[in-house]
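Right, one structure below, let's go through it.
The values are calculated or read from the model by the stated rules, or taken from the named source; none is laboratory data. Computed from a predicted model, the values in this text were never measured in an experiment. Cβ atoms come from the backbone with ideal geometry, glycine included; neighbour counts cover every protein chain shown.
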Amino acid sequence: MRHSLVLGGARSGKTAFAERLALRSGSRPAYLATATVMDSEMRDRISSHQAARASRFATIEEPIELSAAILRAAAHQDVILVDCLTLWITNLLMQNGDVAQAVSELSATLVELEAAKVILVSNEVGLGIVPDNAMARTFRDLAGSAHQRLAEVCDDVYFVAAGLPLTMKGEPPALG
């Protein structure tokens, strides 16, 4: 299986690109969402996203145990879209989880997984100014390290800006 990492800024079109890629990559796609409801605005966003993809994807919600959720989903689905890694990292940080260990576990899962294609979506947060507080700098550093580690094990890496994918590693997307 060719696993993919899709990076981009907020509202760059990365999720829409990843969804198109997933729908073209298999007949039984799953959408593994890492978001958690923190307030009413997030509840509305999650509901809107669920409604928009309901007929196209099986939905799995898992904010922390990403590797285990991928392995469970791979027993039934041929493509698993994970959206998004930066929310997953945030969830781990909020629970004092070991992000580096979780990323290592995810990397190992991807290397060994042959039953399904995994498409990881994440926000590229390292292109802006240096954050003004320690927590934000830690988050940026952890996300950057995670992206580097996962880019090593993914066959294809794309950067999306203005809805346009740039192939950074691997094969250009076959989206028609």
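Have a look at Ser122, Ser145 and point out the one that is closer than 19 Å to Val82 by Cα, in contact (Cβ under 8 Å) with a residue 40 or more places away in the chain, touching a Phe, Trp or Tyr at 6+ places or on another chain (Cβ under 9 Å) and surrounded by 12 or more Cβ atoms within 10 Å (Cβ to Cβ).
Numbers: Ser145 fails: touching a Phe, Trp or Tyr at 6+ places or on another chain (Cβ under 9 Å).
Among Ser122, Ser145, only Ser122 is closer than 19 Å to Val82 by Cα, in contact (Cβ under 8 Å) with a residue 40 or more places away in the chain, touching a Phe, Trp or Tyr at 6+ places or on another chain (Cβ under 9 Å) and surrounded by 12 or more Cβ atoms within 10 Å (Cβ to Cβ).
If you take the residues of region 120-147 that are of a type in the set (S, T, N, Q) and not in a helix (DSSP H, G or I), which of them is nearest to Ala69 (Cα to Cα)?
Ser122
I need a count of the residues in region 148-176 that are part of a loop (DSSP other than H, G, I, E, B) and crowded, with 18+ Cβ neighbours inside 10 Å.
The number of residues fulfilling the criteria is 2.
Could you tell me which residue of region 26-40 is surrounded by the fewest Cβ atoms within 10 Å (Cβ to Cβ), considering only residues that are part of a loop (DSSP other than H, G, I, E, B) and touching a Pro at 6+ places or on another chain (Cβ under 9 Å)? Walk me through it before giving the result.
Of all residues in region 26-40, those part of a loop (DSSP other than H, G, I, E, B) come to 26-28, 34-39.
With the extra rule that they be touching a Pro at 6+ places or on another chain (Cβ under 9 Å), the set shrinks to 34-36.
Working: Thr34: 23, Ala35: 18, Thr36: 15.
The selected residue is Thr36.
Within region 1-25, how many residues turn out to be of a type in the set (Lys, Arg) and in a helix (DSSP H, G or I)?
3
Residue check: is Thr59 touching a Pro at 6+ places or on another chain (Cβ under 6 Å) and either at pLDDT below 95 or part of a loop (DSSP other than H, G, I, E, B) (or both)?
no
Scan region 87-101 residue by residue and report those that are surrounded by 12 or more Cβ atoms within 10 Å (Cβ to Cβ) and in a helix (DSSP H, G or I).
Selection gives Leu87, Trp88, Ile89, Thr90, Asn91, Leu92, Leu93, Met94, Val99, Ala100.
Find all pairs meeting these conditions: Cβ atoms under 6 angstrom apart; at least six residues apart or on different chains; first residue within region 99-119 and of a type in the set (Asp, Glu); second residue outside any helix (DSSP H, G or I).
Listed pairs, sorted by first residue: Glu114/Met1.
Is it fair to say Gly128 is over 17 Å from Val99 (Cα atoms), more than 17 Å from the chain's Cα centre (by Cα) and either among the acidic types (Asp, Glu) or at pLDDT below 95 (or both)?
Details: over 17 Å from Val99 (Cα atoms): yes; more than 17 Å from the chain's Cα centre (by Cα): yes; either among the acidic types (Asp, Glu) or at pLDDT below 95 (or both): yes.
Answer is yes for this residue.
Looking only at residues that are in a helix (DSSP H, G or I) and small (Gly, Ala, Ser) in region 102-119, which one is surrounded by the fewest Cβ atoms within 10 Å (Cβ to Cβ)?
This residue is Ala108.
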